[in-house]
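Novice: The structure is given below, and queries will be raised subsequently.
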Amino acid sequence: MEPGQDLAEITAGIDRLYRAQQQGDGFLDAEGLIPVAVAPVKPRIFGSYTDAREALANLSETLDTAADTQLRRDYLAEMIDSLEALMDTFEGRPIGFAERVRRQIRVDTTVIGDEILDAYRATIRNGLDELGYRDGDLAADIARWEADTIVPRDNVVAVLDDLLKQSRERVAATMYDFSHEWIEPVGVTQKPFSAYCDYPGRQVLLNLDFPYTVYALKHLATHEAFPGHLVHLGLRERYVADGSMPLDGAQVVTSSASSALFEGIADNGMAFLDWLDTPGDQIAVALQRLRSALRCNAAWMMHEEKKPIEEIVPVIAAKGYQTDETVKGRLAFLHHDLRAPFVYAYWCGDTAVERVWKDVPAPERTRFWHYLYGTMHTPSTLARYWK
């Protein structure tokens, strides 16, 4: 059997077993291990995780001969190990949080240090100065800038709708013609996310419990849809159907080796579209990355240092220039065991893609996008095999 089909069927079998053993009925519980599959995959029937481990071991033994490139062998090996680590958590085996992040998300990041955080703050400071927000206190200047650019709650969905249309036009003009596609923005409340791409339902669910500047909505339009998740999943659906991508490319697998690139592609959407054209955009991207990095640190504090959420929230809020209420809502999914390491997929995926993208010359962009969207990658395989 082709290893991509083998992996897809095994992963679907693990998802089936995981769902059968879940007790919760929340939004994240309903997602399971595979929240989206863009092609039908027949799951293997496993009586236990031991059976699934045996199937993965058998697949591992075939990689040297069955996988057609070294990139593919390396990706499959990392994906298999991430599933092994996931099953450790499902079975309650001893596995530390740092090991979960390393093996599941495939990064060595633990705590993101002040040198990186302060670089984001310097970018924010420069942008605010350029726009005339020069009171001297960074927290006060950020608060005033956000207050001036906040979108009233009643207008948020309409503004996002317009930004989705603009980003779709930009994608069609420079990347892929997805002008036939649409995804409807829908306001929701009391959800463990700020925004969510419901690809099968063609909806972007936007959590109205949080405040949004126009720049934050611009980021969400590109992240969730054009050229982010909607375009990425649409291409993977197309490529799996025509045989140019193996069957495992049809699956979105939570907290796995594929997660960082899935989120990293989406987080670089504004850069791909050359849509970072104002000081406000530069401020917004740096602020988003600062807060994304701090959410990683919050996860580390909770799961490695065992600090209570009541102690974590005010620290992260102060460092990220947000209210305690907003931070508490944005950290809600850290309580979900499957999702706990997933927060690292955002910041680590963003930086993994950005690190390669910034050196891609303009004439090479089309080839890079085809390689990025059409090949399953981890942070290490992208860095190793591009070029």
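Novice: Going through ALA260, ALA250 one at a time, which residue ends up being in contact with a Phe, Trp or Tyr (Cβ under 8 Å, 6 or more places away or on another chain), at pLDDT 95 or above, within 30 Å of GLU2 (Cα to Cα) and buried (at least 22 other Cβ atoms within 10 Å of the Cβ)? Before the answer, list the steps.
Specialist: Values: ALA250 fails: in contact with a Phe, Trp or Tyr (Cβ under 8 Å, 6 or more places away or on another chain).
Selected residue: ALA260, the only one of ALA260, ALA250 that is in contact with a Phe, Trp or Tyr (Cβ under 8 Å, 6 or more places away or on another chain), at pLDDT 95 or above, within 30 Å of GLU2 (Cα to Cα) and buried (at least 22 other Cβ atoms within 10 Å of the Cβ).
Novice: Would you tally the residues in segment 181-193 being touching a Phe, Trp or Tyr at 6+ places or on another chain (Cβ under 7 Å) and buried (at least 19 other Cβ atoms within 10 Å of the Cβ)?
Specialist: Residues that pass the stated criteria total 1.
Novice: Sticking with this structure for a sec: Please verify whether segment 85-106 includes one or more residues that are more than 29 Å from ILE312 (Cβ to Cβ), surrounded by 12 or more Cβ atoms within 10 Å (Cβ to Cβ), in contact (Cβ under 8 Å) with a residue 40 or more places away in the chain and of a type outside the set (S, T, N, Q). Full working, then the answer.
Specialist: First, pick out the residues of segment 85-106 that are more than 29 Å from ILE312 (Cβ to Cβ): none.
Within segment 85-106, not a single residue is more than 29 Å from ILE312 (Cβ to Cβ), surrounded by 12 or more Cβ atoms within 10 Å (Cβ to Cβ), in contact (Cβ under 8 Å) with a residue 40 or more places away in the chain and of a type outside the set (S, T, N, Q).
Novice: Let me ask something else. Being under 23 Å from HIS219 (Cβ atoms) and without any contact (Cβ under 8 Å) to a residue 60 or more places away in the chain is the filter here; which residues of segment 341-361 pass it?
Specialist: Passing the criteria: VAL343, ARG355, VAL356, LYS358, ASP359, VAL360.
Novice: Also: Failed condition for GLU181, given (1) in contact (Cβ under 8 Å) with a residue 40 or more places away in the chain; (2) charged (D, E, K, R); (3) in a helix (DSSP H, G or I), with all others met?
Specialist: (3) is the only condition that GLU181 fails.
Novice: Of the conditions (1) among the aliphatic types (A, V, I, L, M); (2) under 25 Å from the mean Cα position of the chain (by Cα); (3) under 27 Å from ASN297 (Cβ atoms), ALA139 fails just one. Which one is it?
Specialist: If we test ALA139 against (1) among the aliphatic types (A, V, I, L, M); (2) under 25 Å from the mean Cα position of the chain (by Cα); (3) under 27 Å from ASN297 (Cβ atoms), just (2) comes out false.
Novice: Further, regarding this structure: Looking only at segment 29-56, which residues are at pLDDT 95 or above, within 18 Å of the chain's Cα centre (by Cα) and not in a loop (DSSP other than H, G, I, E, B)?
Specialist: Selection gives VAL36, ALA37.
Novice: Here's something else I'd like to know. Filtering segment 339-386 down to residues that are touching a helix residue (DSSP H, G or I) at 6+ places or on another chain (Cβ under 9 Å) and in a loop (DSSP other than H, G, I, E, B), which residue is farthest from VAL171 (Cα to Cα)?
Specialist: ARG339
Novice: Just a yes or no: is a residue in segment 165-173 assigned to a loop (DSSP other than H, G, I, E, B), of a type outside the set (A, V, I, L, M) and out of contact with any strand residue (DSSP E or B) (no Cβ under 6 Å at 6 or more places or on another chain)?
Specialist: Looking only at segment 165-173, we keep the residues that are assigned to a loop (DSSP other than H, G, I, E, B), and these are none.
No: segment 165-173 contains no residue that is assigned to a loop (DSSP other than H, G, I, E, B), of a type outside the set (A, V, I, L, M) and out of contact with any strand residue (DSSP E or B) (no Cβ under 6 Å at 6 or more places or on another chain).
Novice: List every residue pair whose Cβ atoms lie under 9 Å apart, where the two residues are 6 or more positions apart in sequence or sit on different chains, the first residue falls within segment 129-157 and is of a type in the set (Lys, Arg), and the second residue, located anywhere, is part of a helix (DSSP H, G or I).
Specialist: ARG134/LEU128; ARG134/ASP141; ARG144/LEU128
Novice: With the requirement that a residue be more than 24 Å from ASP15 (Cα to Cα) and surrounded by fewer than 23 Cβ atoms within 10 Å (Cβ to Cβ), what does segment 221-242 give you?
Specialist: Passing the criteria: only ASP242.
Novice: Test GLY4 against the criterion of being over 18 Å from ALA85 (Cβ atoms), in contact with a Pro (Cβ under 7 Å, 6 or more places away or on another chain), in contact (Cβ under 8 Å) with a residue 40 or more places away in the chain and surrounded by 14 or more Cβ atoms within 10 Å (Cβ to Cβ), and give yes or no. Outline the logic, then answer.
Specialist: Numbers: over 18 Å from ALA85 (Cβ atoms): yes; in contact with a Pro (Cβ under 7 Å, 6 or more places away or on another chain): yes; in contact (Cβ under 8 Å) with a residue 40 or more places away in the chain: yes; surrounded by 14 or more Cβ atoms within 10 Å (Cβ to Cβ): yes.
In short, yes.
Novice: Answer with yes or no whether LEU59 is in contact with a helix residue (DSSP H, G or I) (Cβ under 7 Å, 6 or more places away or on another chain), at pLDDT below 95, surrounded by 14 or more Cβ atoms within 10 Å (Cβ to Cβ) and assigned to a helix (DSSP H, G or I). Let's see the steps before the verdict.
Specialist: Values: in contact with a helix residue (DSSP H, G or I) (Cβ under 7 Å, 6 or more places away or on another chain): yes; at pLDDT below 95: no; surrounded by 14 or more Cβ atoms within 10 Å (Cβ to Cβ): yes; assigned to a helix (DSSP H, G or I): yes.
No, not satisfied.
Novice: Would you tally the residues in segment 323-340 being exposed (fewer than 15 other Cβ atoms within 10 Å of the Cβ) and either more than 20 Å from GLY32 (Cα to Cα) or of a type in the set (Gly, Ala, Ser) (or both)?
Specialist: Total meeting the criteria: 3.
Novice: Give me the residue from segment 107-125 that is touching a residue at least 60 places away in the same chain (Cβ under 8 Å) and within 22 Å of the chain's Cα centre (by Cα) and, out of that set, nearest to ALA345 (Cα to Cα).
Specialist: Kept after step one, since they are touching a residue at least 60 places away in the same chain (Cβ under 8 Å), are these residues of segment 107-125: 107, 109-112, 116-117, 120-121, 123-124.
Cutting the leftovers down to within 22 Å of the chain's Cα centre (by Cα) gives us 107, 109-112, 116-117, 120.
Values: VAL107: 9, THR109: 10, THR110: 12, VAL111: 14, ILE112: 13, ILE116: 17, LEU117: 17, TYR120: 19 Å.
Looking at residues that are touching a residue at least 60 places away in the same chain (Cβ under 8 Å) and within 22 Å of the chain's Cα centre (by Cα), I get VAL107.
Quick grid of which residues meet (1) in contact with a Gly (Cβ under 7 Å, 6 or more places away or on another chain); (2) closer than 26 Å to HIS336 by Cα; (3) of a type in the set (S, T, N, Q):
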position	(1), (2), (3)
PRO3	no, no, no
GLU9	no, yes, no
GLN22	no, yes, yes
ILE34	no, yes, no
ALA37	no, yes, no
SER48	no, yes, yes
GLU61	no, no, no
ASP64	no, no, no
ARG72	no, no, no
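The values are calculated or read from the model by the stated rules, or taken from the named source; none is laboratory data. All values derive from a computational prediction rather than experimental measurement. Positions of Cβ are generated from backbone atoms using ideal geometry, with glycine treated the same way; all protein chains shown enter the neighbour counts.
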